[in-house]
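The values are calculated or read from the model by the stated rules, or taken from the named source; none is laboratory data. As the structure is a prediction and not an experimental result, all values here were calculated from the model. Side chains included, ligands, DNA and RNA excluded: accessible areas come from the protein's heavy atoms. Shrake-Rupley method; radii C 1.70, N 1.55, O 1.52, S 1.80 Å.
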Amino acid sequence: MEGASGGFRKELVGKLLQLHFKDDKTKVSGDALRLMAELLKIFVVAAIRSVRQAQAEDLALVDVDQLEKVLPQLLLDF
């Protein structure tokens, strides 16, 4: 996903959101779906980079420290 222009499909994001709504009649606009898809993509990229940072440090588990180390790089992506 990193380096690719793709992301999460709106249909998938819509289904994920619907699973967590208390009211089944809750609707989500197309703009909200695109925003959530972009947020999910950013979250996944941050998680992947944190894992790579932990591997570079020869750690078996990802901790907040690795996430803090990759956040500045993530901000520079924008």
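Show that you can apply the helix-only estimate: for the chain, add -39,500 (n - 2.57) for every DSSP H stretch of four or more residues, divide by all residues, and state [θ] at 222 nm to the nearest 500.
Values: 3 runs with 51 residues, N = 78.
So the helix-based figure for the chain works out to -22000 deg cm²/dmol.
Each principal axis of the Cα cloud of segment 24-78 was taken in turn, and the coordinate range along them, longest first, works out to 47, 27, 13 Å.
Here the accessible area is traced with a 1.4 Å probe on the protein chains. For the chain, carbon and sulfur cover 60 percent of it. Of all the options Val44, Val28, Val62, the one that moves most in a Gaussian network model of the chain with Cα springs shorter than 10 angstrom is Val28. Residues Lys27, Lys69, sorted by accessible area with the largest first, give Lys27, Lys69 [1.4 Å probe; ligands and nucleic acids excluded].
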